[in-house]
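Novice: Structure in structure tokens, see below.
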Number of protein chains: 2
Amino acid sequence: MGRPTVLLLLLTFLTPGAAIRVPPAMKALSSLRWSTSFTSRGTVAKKYSINYIEQKVNHFGFDADETFKQRYLIADEYWKKNGGSILFYTGNEGDITWFCNNTGFMWDVAAQLKAMLVFAEHRYYGESLPFGNKSFTDSRHLDFLTSEQALADFAVLIKHLKKTIPGAKNQPVIAIGGSYGGMLAAWFRMKYPHIVVGALAASAPIWHFGNLVPCGVFMEIVTKDFKRSGPNCSETIRNSWDAINRFARTGAGLRWLSKSLGLCTALTNTQDVQNLKAWISETWINLAMVDYPYESDFLQPLPAWPIKVVCQYLKNPSVSDAQLLQNIFQALNVYYNYSGQANCLNISETTTSSLGTQGWSYQACTEMVMPFCTNGIDDMFEPHSWNLREFSEDCFKQWGVRPRPAWIITMYGGKNISSHTNIIFSNGELDPWSGGGVTKDITDTLVAITIPEGAHHLDLRARNAFDPTTVLLARSLEVRHMKQWIRDFYANQRKKH
Amino acid sequence: MGRPTVLLLLLTFLTPGAAIRVPPAMKALSSLRWSTSFTSRGTVAKKYSINYIEQKVNHFGFDADETFKQRYLIADEYWKKNGGSILFYTGNEGDITWFCNNTGFMWDVAAQLKAMLVFAEHRYYGESLPFGNKSFTDSRHLDFLTSEQALADFAVLIKHLKKTIPGAKNQPVIAIGGSYGGMLAAWFRMKYPHIVVGALAASAPIWHFGNLVPCGVFMEIVTKDFKRSGPNCSETIRNSWDAINRFARTGAGLRWLSKSLGLCTALTNTQDVQNLKAWISETWINLAMVDYPYESDFLQPLPAWPIKVVCQYLKNPSVSDAQLLQNIFQALNVYYNYSGQANCLNISETTTSSLGTQGWSYQACTEMVMPFCTNGIDDMFEPHSWNLREFSEDCFKQWGVRPRPAWIITMYGGKNISSHTNIIFSNGELDPWSGGGVTKDITDTLVAITIPEGAHHLDLRARNAFDPTTVLLARSLEVRHMKQWIRDFYANQRKKH
């Protein structure tokens, strides 16, 4: 695709003058992609067909009439034409086969809902590139990467499926998604209620925009996760930044840091140190999102409850700077070297795959403007305020576009969504994204399900022997709602005839 | 604007090979604009302020960041900051000052609803031209003329008003519109229920798309209007086409036709004759839309119940061709020469103003694809089938774009809209557009109001001493619903605090 795969990090790192000029927002969300793409150990390969549909590049204009091939996957092993349903995964920022293989919940409930599973790839991700390898070349080619276009793709695809698959026409469709895909699922039900009877929006931070929630909430939850996972854990991390800063004052200190943290590339200047701290911050964020109760494969394999493991190394905030940073190194190794195979740590990467990074960076610079901030008091990070103006400048440099931070709220309603129906908002309380999510019932049919022991959309993952009771309960509630929507659909249909 | 103002007619007329290759759809809708723009006699000039807001030319893409000035009018004479409301006219295909001056209903109810009146101009009409005098030059400049962009303009405008007008923030907004503006009002509530608490969609043919209603329904209602307005009236018109065709066979016949019908320009060939018949058809259509119970100013002044007056000349379908056509001439004169000042009839025009013709022609060629047809049996017109392929070719020649006939249904739900709330669909039974409208309640809060003696959105017109009881009843029902929405809004607001 002609650009480095670690673009988001580079965007952060190459911006001079502040440790996190483009605040954790983008990095956090860039990671978010990966958390969804987990392959939990022991996952069996899924059986699905790979399909393509011709979609208009621009649903909202008629000058350009080009089309592109959107990829979607279908699994119909458990589908029943009689009384069945269609579970439609609203693909988010990544390769759809990853989501398909890692949204075990849909596979687990397919039989009881007699459901066809459809996984629709989001435009500009995976193989669904509107302009092939030119899709990311400039803002002109990127102009059709918006949530509205993605939802329109989904709507057109479902109409196509109902038209072409015998037996699908008179079946209810339920939208399911996690993270950004969860936002899409919720928004899809809001904007196209004639197409989906309901939506399961898992870990969907639909309120992480504008001033709807405090900009510090995300990092506060990250901090809480560390605080609860071991005594003095968050304090130790909070103290680490100054320890790094003190070492970074001298050349000898930089050399010591590079060696003691086992970095692949030695630190040589202030900017490198900012990059180091951003990379460490992102590591803690990633851990908070994937703090799952069982071993799982992320970038490298992770242990069960990985933050607890990390915190075993971070019990003492009051040791010497050198000792404290050596402990931090041990902790980082849980994330980057659980398998013991890494020779050094590469601070230009927190994830290994190249999927979707560019697309999400662009989306974060246009519609998906999520304010993030830290104050170092309620959270364990160095203080950084949210600066829209600087963010906008960075976006303009990077993509030639400027964010419109108010737009998503104008479009999708912000907190004023009570006139909609049939949306489940599920959130794990460990998940930093829950801070921007809907965690209280809005109406009888806009319901919130919270999972105290849940990290980022744990409920969408395949069932596991180590699942806490609360996620089992959440899933069973979700299924109960979905069954109700399906019953209502068929009841209405009978009424009509 | 560089193109002839009678473009729609030219588009029809210049297409060879069929009398109505681009069927009455477009002409009918082009006329529809005018019917809304009526100035009934005795209308007092309205007091309003003229305002402008900077709008993004493209709400759905970030590459081009241009803005344009959208015009809107505000009348706040009766507005109360305490317990008041905002009635928001969703501007349709024309100059907003016309709609403002001719939607008397809003002015009549302002006091009892303590309402601020806002009239928002639709982009690409009136003064709200995204690219000034270049707005219609090509499909690239026209690319932002869609209903979705117009609704986004409305949403942004309302958020702006609530932010900038002290006292407006916590007030309920109700969308009101007629005809295409009625469709916009309904769609606005469907897509932005967080911005408007309800919508009054008057004479909004939201189902005149795809196969949702039979393509012949419009012309059947036109025919019924003539049938009920005088004995043998529709039969006489039905017989007139063959009479014209028989005269048109010879040069002498063409000369006779030109003279007897008082045409400004003599007919010389077959195409001229097709144009003549299309022009006469359009005249009957226009009359059906504006068959109001009192004198009104249209293009020229019209008498009360104009079709009844017309039908006085059309009582005898079995006279000689010459006599029959002389009677048709008399009938046409009711429409074109009620004031007695026309020296000849100009078949290239059925309306005198130039407002919005280009814009609507483009919209009809892209999103607003309304199938129309006649069979000469259930209606009084020559048979013409709906031919999408030819229509598409004509559009491509005219605008360089092709229609997407399924899109509006995918976007706005077609007949599957029962999950929405708080929309009143009002229709006059005399109005040919009622055939594509919602004329039966869908749910408790998606209600239909029909007005047996009503033509095109009679209910939106100013009250008049000659208003039939049924329109008074309709208006009072409409007000009752609106008051309920306002009460619900304030009750919900109190609950929150």
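Novice: Given the rotation relating B and A, tell me which residue in B puts its Cβ closest to the axis and the distance in Å.
Specialist: B:PHE60, 2
Novice: Also: If all Cα-Cα distances of chain B are sorted into 10 Å bins from 0 onward, what percent lands in each bin, rounded to whole numbers?
Specialist: The distribution over chain B is 4, 20, 31, 26, 13, 5, 1, 0, 0, given as percents.
Novice: The stretch A:386-493: which GluC sites (Glu not before Pro) are DSSP loop and have at most 13 other beta-carbon atoms within 10 angstrom?
Specialist: Listed in order of number, the matching sites amount to none.
Novice: While we're looking at this one, here's another question. If I take R0 = 35 Å and measure r between the Cβ atoms of B:SER339 and B:ARG228 in this structure, what FRET efficiency does the formula 1/(1 + (r/R0)^6) give, to the nearest 0.05?
Specialist: Rounded to the nearest 0.05, the efficiency is 0.85.
Novice: Let me ask something else about it. Which FRET efficiency value, to the nearest 0.05, is calculated for A:CYS264 and A:ALA465 with the Förster distance at 35 angstrom and r the Cβ-Cβ distance?
Specialist: 0.40
Novice: With θ set to phi - 60° and the Karplus curve 6.51 cos²θ - 1.76 cosθ + 1.60, what are the ³J(HN,Hα) couplings of the stretch B:485-491 in order, to the nearest whole Hz, using x for Gly and Pro?
Specialist: So the J values, rounded to whole Hz, are 4, 5, 4, 4, 4, 5, 5.
Novice: Could you check the simple spin-label distance between A:GLU77 and B:ASN211, using points 7 Å along Cα→Cβ, in nm with one decimal?
Specialist: The answer from the label model is 3.6 nm.
Novice: Still on this structure, please answer the following. Taking amide hydrogens as modeled 1.01 Å from N in the peptide plane, which residues meet the under 5 Å criterion relative to A:TYR292, leaving out close sequence neighbours?
Specialist: Here A:TRP305 satisfy the definition.
Novice: Moving on to the next point. Residue by residue, what Karplus-based ³J(HN,Hα) values in Hz, rounded to whole numbers, does the stretch A:430-445 have, using 6.51, -1.76 and 1.60 with θ = phi - 60° and x for Gly and Pro?
Specialist: Per-residue couplings from phi come out as 7, 6, x, 5, 4, x, x, x, 8, 10, 9, 3, 9, 9, 4, 10 Hz.
Novice: Let me ask something else about it. Most exposed first by the Cβ proxy, i.e. fewest other Cβ within 10 Å, how do A:ASP272, A:ASP108, A:ASP143, A:ASP459 rank?
Specialist: A:ASP108, A:ASP272, A:ASP143, A:ASP459
Novice: Sticking with this one: State the percent of C-alpha pairs, over all pairs in the stretch B:136-235, separated by a distance greater than 21 angstrom.
Specialist: 54
Novice: Let me know the mean shielding of A:124-133 by other chains, meaning the per-residue number of their Cβ atoms within 10 Å of its Cβ.
Specialist: Taking the mean over all residues of the peptide, I get 0.
Novice: Give me the percent of DSSP beta bridges within the protein assembly as shown that run antiparallel, rounded to the nearest 5.
Specialist: 40
Novice: While we're on this one: Could you tell me how many degrees, from 0 to 90 and to the nearest 10, lie between the Cα long axis of helix A:147-164 and the main elongation axis, the longest principal axis, of the Cα atoms of chain A?
Specialist: Helix A:147-164 sits roughly 40 degrees off the main axis of chain A.
Novice: Measure off 7 Å from each Cα along the Cα-to-Cβ vector at A:LEU477 and A:SER418, then give the distance between these two points in nanometres to one decimal.
Specialist: Computed distance between label sites A:LEU477 and A:SER418 equals 2.0 nm.
Novice: Next question. Rounded if a/c is under 1.5, else prolate if a/b is larger than b/c, else oblate: which is the stretch A:86-196, with a ≥ b ≥ c the root eigenvalues of its Cα gyration tensor?
Specialist: Prolate, because a/c is 1.5 or more and a/b exceeds b/c.
Novice: With only alpha-carbon pairs counted, each pair once and no self-pairs, how large is the Kirkwood hydrodynamic radius of the stretch B:222-280 in angstroms?
Specialist: For the stretch B:222-280, inverting the mean 1/r across all distinct Cα pairs yields 12.3 Å.
Novice: If you don't mind, there's one more thing I want to ask. Set the Förster radius R0 to 45 Å, insert the Cβ-Cβ distance between B:ARG389 and A:ASN387 as r into 1/(1 + (r/R0)^6), and round the FRET efficiency to 0.05.
Specialist: 0.25
Novice: If you don't mind, another one. Just check the stretch A:367-497 against the gyration tensor rule for me: Cα atoms, a ≥ b ≥ c as the square roots of the eigenvalues, rounded for a/c under 1.5, and otherwise prolate or oblate depending on whether a/b exceeds b/c.
Specialist: Oblate, because a/c is 1.5 or more while a/b does not exceed b/c.
Novice: Also, I was wondering about something else. Got the B:LEU388 label distances to the other copies yet, label 7 Å along Cα→Cβ, in nm, shortest first?
Specialist: Result for B:LEU388, in nm, nearest copy first: 4.4.
Novice: Another question about this same structure. Regarding the protein assembly as shown, what whole-number volume in Å³ per residue does the convex hull of its Cα atoms give?
Specialist: 160
Novice: Check chain B for me: any Cys whose beta-carbon has no other cysteine beta-carbon within less than 4.7 Å?
Specialist: B:CYS100
Novice: Longer than 23 Å from Cα to Cα, which of A:LYS277/A:LYS415; A:LYS47/A:LYS162; A:LYS308/A:LYS440; A:LYS69/A:LYS162 are they? Say none if no pair is.
Specialist: Going by Cα-Cα distance, A:LYS277/A:LYS415; A:LYS308/A:LYS440 fall outside the 23 Å limit.
Novice: Next question, about the same structure. List, shortest first and in nm to one decimal, how far the label point of A:GLU127 (7 Å from Cα along Cα→Cβ) is from its counterparts in the other copies.
Specialist: Computed spacing set for this position: 5.4 nm.
Novice: Taking a label point 7 Å out from Cα toward Cβ, give me the nm distances from B:ARG480 to the same spot in the other copies, shortest first, one decimal.
Specialist: Between copies, matching label points for B:ARG480 lie 4.0 nm apart.
Novice: Hey, another quick one. Find the relative contact order for chain B and round it to a whole percent, using C-alpha pairs within less than 8 Å whose residues are 6+ positions apart.
Specialist: Here the relative contact order equals 21 percent.
Novice: To continue, here is another question. What nm value, rounded to one decimal, do you get for the distance between B:THR439 and B:ASP378 when each label is placed 7 Å out toward the C-beta?
Specialist: 1.2
Novice: Now, a different point. In which sequence would B:TYR294, B:TYR180 go, from the one with the fewest C-beta neighbours within 10 Å to the one with the most?
Specialist: The fewest-first ordering by Cβ neighbours comes to B:TYR294, B:TYR180.
Novice: For all pairs of alpha-carbon atoms in the stretch B:254-413, what percent lies in each bin of width 10 Å, listed from the first bin to the last filled one?
Specialist: 9, 30, 35, 21, 5, 0
Novice: At a temperature of 25 °C and a viscosity of 0.890 mPa s, determine how fast the stretch B:170-297 diffuses translationally according to Stokes-Einstein, using the Kirkwood radius over alpha-carbon pairs as Rh; express D in µm²/s, rounded to the nearest whole number.
Specialist: 136
Novice: Further question: Counting helices only, and only those DSSP H runs with n ≥ 4, report the 222 nm mean residue ellipticity of the protein assembly as shown as the sum of -39,500 (n - 2.57) divided by its residues, in deg cm²/dmol to the nearest 500.
Specialist: Mean residue ellipticity at 222 nm (helix-derived): -12500 deg cm²/dmol.
Novice: Here's something else I'd like to know. If neighbour count is taken as other Cβ atoms inside 10 Å, put B:SER234, A:SER139 in order from fewest to most.
Specialist: By the 10 Å Cβ count, ascending, the order reads A:SER139, B:SER234.
Taken together, the values in this text are just the output of simple stated rules run on the coordinates, not laboratory data. For clarity, every value in this text was computed on a predicted model and none was experimentally measured. So basically every Cβ, Gly included, is an ideal-geometry build from the backbone, and we count neighbours across all protein chains shown.
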